[in-house]
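The values are calculated or read from the model by the stated rules, or taken from the named source; none is laboratory data. None of the values given here were measured: they were computed from a predicted structure. Please note: Cβ atoms are built from the backbone with ideal geometry, for glycine as well, and neighbour counts cover all protein chains shown. What goes into the accessible areas is simple: the full protein's heavy atoms, side chains included, and nothing from ligands, DNA or RNA. Shrake-Rupley method; radii C 1.70, N 1.55, O 1.52, S 1.80 Å.
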Amino acid sequence: MITKSKIYKYLAFTFIFSSVFGIVVYSFLSNRHQAIIKTKLLYTFGLVDNEWKIEKQNQEYKMVSPTFLIDGIYKSMEGPKSSRYIQLSQDDDLLWITGFEVEAIDAKTNASISKDFICHMNVDINDINYYTNWHLENRIGKQYPRLTSLSNGFEKYSYPEGFGIPIKGNDYLYITSQALNHNYTSIFKKIKHEVTITYQKYDGSQKPLLSKTVFIQLPYNKNNPFEESLNAGSNQCIPVETKNHSYMDKEGNMLSGHWVVPKGKNSYHSNINEQLDLRDSLRLHFAAIHVHPFATSIALYDKKENKVLFKSAISNYKDKTGLIEVTPFSSKEGIWLYKNHDYELRLEVNNTSETNQDMMGSMFLFFYDQELDEKIKQ
């Protein structure tokens, strides 16, 4: 017969063994996965605020994220994050989204703090519901349903006057906000992100925009992805990892959208025709830009015309890691893209640090959507 004392000993041994095993496994995880586990535990045991706070005002939907604990360096896409679904209203009135903003605030005082703590804020749509509402089922599943993204250096934007994203008020948006810390090694700070979506009611005059996501994809050696020498001149790359942001082209070659850049100046380019999927000519009115620190410019290039359609100038801090400003493309008149042309993204990088850095280069391109405009007016 097993005595109570033996049972307690077994339980104590099991607890100690499990704890030690868990700590060992945790220590081998990447910084990103450690942040996921740490944040989950903090929220589960109520050690930090884990609720989104919602505040609706006239033509403005404002929300404040749960608390993010910054306790060390978190590079791009490594920091604590949180997501939730939202509805701009409870009815199906037609609304027009006109802009987005994300701001870092102190978790205790709600005072604005450095944008150094903003990694990104993503907005996704449910493309099945969204396009079914407009009887545009042929668009479902054609691309990842990300509407837009804000990130370090690009924390706020508005579409050109008279343009925006049409949405029924009770349709769902999926919001994800993630923290960042490139610079402060000795830190224990609780922060939040305040996210704002501006919108207006439809009055018959606004023009709808169609979002298309394009991004640089660079080839890498699928047999030895991390052991090849960095050779930017060949436009190849070493991926940051092969599980996320990794793709295969039609010929079976592996491509990465998140790669390592060496010290110094380098250029990268990628064809985006397949991502654009232009069935007809479209007029571009806005481009939201996403890059990482040490990028200096990114351009949309027309190879057939041999010219830059627009270039986003990017400024970096000199005394720390981070982006001061990333300039969008915005035009009420717009510029035309044609289905029989050949388009590239071209990225310039100057890694002034002493170590390799990670990089991405993408754009959310917003075109006038004539087909949707006609359906809305009907």
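Quick one: count up the residues across the range 96-115 that are under 18 Å from Phe188 (Cβ atoms) and either among the small types (Gly, Ala, Ser) or crowded, with 19+ Cβ neighbours inside 10 Å (or both).
Step one: of the range 96-115, the residues under 18 Å from Phe188 (Cβ atoms) are 104-109, 111, 113-114.
Adding the requirement that they be either among the small types (Gly, Ala, Ser) or crowded, with 19+ Cβ neighbours inside 10 Å (or both) leaves 104, 107, 111, 114.
Within the range 96-115, residues that are under 18 Å from Phe188 (Cβ atoms) and either among the small types (Gly, Ala, Ser) or crowded, with 19+ Cβ neighbours inside 10 Å (or both) number 4.
Within the range 135-150, residues that are of a type outside the set (Asp, Glu) sit with their Cβ atoms under 8 Å from residues that are open to solvent by 50 Å² or more (accessible area, probe 1.4 Å) and not in a helix (DSSP H, G or I), at 6+ positions apart or across chains, in these pairs: Lys142/Asp277; Gln143/Asp277; Pro145/Asn126; Leu150/Glu101; Leu150/Lys156. Here Thr132 meets the list (1) open to solvent by 20 Å² or more (accessible area, probe 1.4 Å); (2) in a strand (DSSP E or B); (3) over 23 Å from Glu51 (Cβ atoms) almost entirely, failing just condition (2).
For the range 116-129, which residues satisfy the criterion of being among the polar types (S, T, N, Q) and either surrounded by fewer than 18 Cβ atoms within 10 Å (Cβ to Cβ) or at pLDDT below 95 (or both)? Let's see the steps before the verdict.
At the first step, the residues of the range 116-129 found to be among the polar types (S, T, N, Q) are 122, 126, 129.
Across the range 116-129, the qualifying residues are Asn126, Asn129.
Those strands (runs of 3 or more DSSP E) of the range 251-310 in which 3 or more residues are within 16 Å of Phe215 (Cα to Cα), in contact with a strand residue (DSSP E or B) (Cβ under 7 Å, 6 or more places away or on another chain) and open to solvent by 20 Å² or more (accessible area, probe 1.4 Å) occupy 264-271.
Residue count for the range 274-320, restricted to those that are in contact with a Phe, Trp or Tyr (Cβ under 8 Å, 6 or more places away or on another chain), under 30 Å from Asn356 (Cβ atoms) and of a type in the set (S, T, N, Q): 3. In this structure, is Ser149 at pLDDT 95 or above and open to solvent by less than 10 Å² (accessible area, probe 1.4 Å)? Yes, satisfied.
Considering the conditions (1) among the aromatic types (Phe, Trp, Tyr); (2) touching a Ser or Thr at 6+ places or on another chain (Cβ under 7 Å); (3) more than 27 Å from Tyr130 (Cβ to Cβ), Tyr199 is excluded by exactly one of them, (3). A Cβ distance below 9 Å, combined with a sequence gap of six or more or placement on separate chains, defines the contacts here; from the range 35-57, residues that are more than 22 Å from Glu78 (Cα to Cα) reach residues that are buried (at least 16 other Cβ atoms within 10 Å of the Cβ) and among the aromatic types (Phe, Trp, Tyr) in the pairs Ile54/Tyr61; Glu55/Tyr61.
Test Phe215 against the stated conditions and say whether it is among the aromatic types (Phe, Trp, Tyr) and either more than 30 Å from His135 (Cβ to Cβ) or open to solvent by less than 40 Å² (accessible area, probe 1.4 Å) (or both). So Phe215 fails the test.
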